[in-house]
1. Condition first: surrounded by 11 or more Cβ atoms within 10 Å (Cβ to Cβ), among the aliphatic types (A, V, I, L, M) and not in a strand (DSSP E or B). Now tell me which residues in the range 39-55 satisfy that.
2. GLU40 is checked against (1) over 11 Å from the mean Cα position of the chain (by Cα); (2) modelled with pLDDT of 95 or more; (3) acidic (Asp, Glu) and fails just one. What number does that condition carry?
3. Could you tell me how many of the residues in the range 1-38 are in contact with a His (Cβ under 9 Å, 6 or more places away or on another chain) and small (Gly, Ala, Ser)?
4. Is it true that ASN7 is surrounded by 10 or more Cβ atoms within 10 Å (Cβ to Cβ) and touching a residue at least 40 places away in the same chain (Cβ under 8 Å)?
5. Just checking, how many residues over the range 1-22 are in a strand (DSSP E or B), of a type in the set (Val, Ile, Thr) and under 17 Å from LYS54 (Cα atoms)?
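The values are calculated or read from the model by the stated rules, or taken from the named source; none is laboratory data. Computed from a predicted structure; not experimentally measured. For neighbour counting, all protein chains shown are included, and Cβ atoms are generated from backbone atoms with ideal geometry for every residue, glycine included.
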Amino acid sequence: MTRIACNLLILPDGIRHENAIVTLDDNGNYVSWKPLNGEEAFVEWVRGTVDLSKTEKENRK
């Protein structure tokens, strides 16, 4: 599992959340998210946006 912190998370339904942690499985597939409320161990910080609202094909562009 990989946990990534981002400034902005856009969920598949288009809802936006600022400062979130996204959990991905070993294949890079979305598992879950939660608000980022402070420093957490074993979280990789990614500056910018994680957009889960796009299809896989759109993300490859």
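1. VAL43, LEU52
2. (2)
3. Of the residues in that region, 0 qualify.
4. So ASN7 fits the description; yes.
5. Adding up the residues that qualify gives 2.
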